[in-house]
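The values are calculated or read from the model by the stated rules, or taken from the named source; none is laboratory data. What you see is a predicted model; the values in this text were computed from it and never measured. Because the Cβ atoms are built from the backbone with ideal geometry, glycine has one as well, and the counts that use them run over all protein chains shown. What goes into the accessible areas is simple: the full protein's heavy atoms, side chains included, and nothing from ligands, DNA or RNA. Shrake-Rupley method; radii C 1.70, N 1.55, O 1.52, S 1.80 Å.
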Amino acid sequence: QVQLVESGGGLVQAGGSLRLSCAASGRAFSNYDMGWFRQAPGKEREFVAAIRRSGSSLDYADSVKGRFTISRNNAENTVALQMDSLKPEDTAVYYCAAGYGVGLRRVDDYDYWGQGTQVTVSS
């Protein structure tokens with residue numbers, strides 16, 4: 001079992017920045033690929049960014065590429081999502097996820113999920 005707790009969400013104006021953090025506890029964090037997803041009201045949960053267990057490979061959704069940066073610290077069991085140049089369409093609940101498989105972009109690629117943190121970007 002892996003427990004995930006997100007933090008860092010909030011309200012920010014368009015063009016601003018937020019840094020989300022996800023703290024993991026339980027089984028060896030370094031064994032898992034980590035991802036960030038988001039879900040806006042009335043929409044499906046969508047992929048945002050992911051990082052392989054070693055940190056050697058990163059992946060981003062086209063909608064956030066160049067604005068968001070994912071990173072991890074295996075010594076501290078944390079993964080972060082730095083979000084810059086935020087837009088109102090980035091408003092959603094953001095979820096941290098841990099997986100141990102082949103893919104990175106699908107919800108089904110992940111086994112453990114946090115409870116989510118709200119990000120609201122005002123225009």
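Only one entry of A50, A40, A24, A28 meets the criterion of being open to solvent by 20 Å² or more (accessible area, probe 1.4 Å), of a type in the set (A, V, I, L, M, F, W, C) and either touching a residue at least 24 places away in the same chain (Cβ under 8 Å) or within 17 Å of Q115 (Cα to Cα) (or both), and that entry is A40.
Scanning region 14-40 for residues that are not in a strand (DSSP E or B) and not polar (S, T, N, Q), we see that the one that is modelled with the lowest pLDDT is R27. When A75, A98 are checked against the criterion of being within 13 Å of the chain's Cα centre (by Cα), more than 21 Å from K43 (Cα to Cα) and either of a type in the set (A, V, I, L, M) or surrounded by fewer than 15 Cβ atoms within 10 Å (Cβ to Cβ) (or both), a single residue qualifies: A98. All of (1) part of a loop (DSSP other than H, G, I, E, B); (2) open to solvent by 40 Å² or more (accessible area, probe 1.4 Å); (3) farther than 19 Å from Y112 by Cα hold for L86 with one exception: (2). Within region 53-72, being open to solvent by less than 10 Å² (accessible area, probe 1.4 Å) and in contact with a Gly (Cβ under 9 Å, 6 or more places away or on another chain) holds for one residue alone: I70.
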